[in-house]
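The values are calculated or read from the model by the stated rules, or taken from the named source; none is laboratory data. On a predicted model such as this, the values are computed, not experimentally measured, just so you know. Methodologically, a virtual Cβ is constructed for each residue, glycine included, from the backbone with ideal geometry; neighbour enumeration extends over all protein chains shown. Just so you know, the surface numbers come from the protein's heavy atoms only, side chains and all, with ligands and any DNA or RNA stripped out. Shrake-Rupley method; radii C 1.70, N 1.55, O 1.52, S 1.80 Å.
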Amino acid sequence: MKQAINIHMPTMHTTTHTIILAKETPNAHPHPQTNPTKRRATFEAPVPPTIPVKKGMVAQILQLKQCDELFPTSTPSPHPHHYYTTEETSVTGTVLEVRILSGGDAEITIANEESGSEIEEAVVIINGRQGVTIEVGKWGRVKMRLEKWRAKGRIPLEEDATVFLDTSTKLPGVEEQTRTGRE
């Protein structure tokens, strides 16, 4: 089976935690907030998560920063291979909803549980591929079929991207000794 993405980080042996690699975008739609000091952040995820996202699991969002200039190629390609580094977003929390959007995208809503973060809730738009980027139940799959849903989506999926994880990143479900490289 082809590896979906080349992520340079410790292996996570869990089905209840995932990492979403995304880019923050300006909020397109204002959202009523319960606390005026907090905000709702919107992200777009061009890279598949470590495991497909489903309702109820814990998800951590890491900000992608493109670093293609560090890996120059001699021949231009119509489908260039992208390189990214990551930064903390202070968003880790429970996935409240995975909603199917028309056109092939999915919207993931995460209740941020990080204390001290200015982000109360995060919304991630991702190319919705069942079993690759998202995991929806029977009714979600029915909705996909009824809408003649095609997994093209507005957000192109970069399945061959290389992501270098910032070594200071705290990962859910990964013990401290693994992150520091000690076995």
Only one of (1) under 20 Å from ASN127 (Cβ atoms); (2) open to solvent by 30 Å² or more (accessible area, probe 1.4 Å); (3) small (Gly, Ala, Ser); (4) modelled with pLDDT of 90 or more fails for GLY56. Which number is that? (1)
Considering every residue within the range 89-105, establish whether at least one is among the small types (Gly, Ala, Ser) and in contact with a Lys or Arg (Cβ under 7 Å, 6 or more places away or on another chain). yes
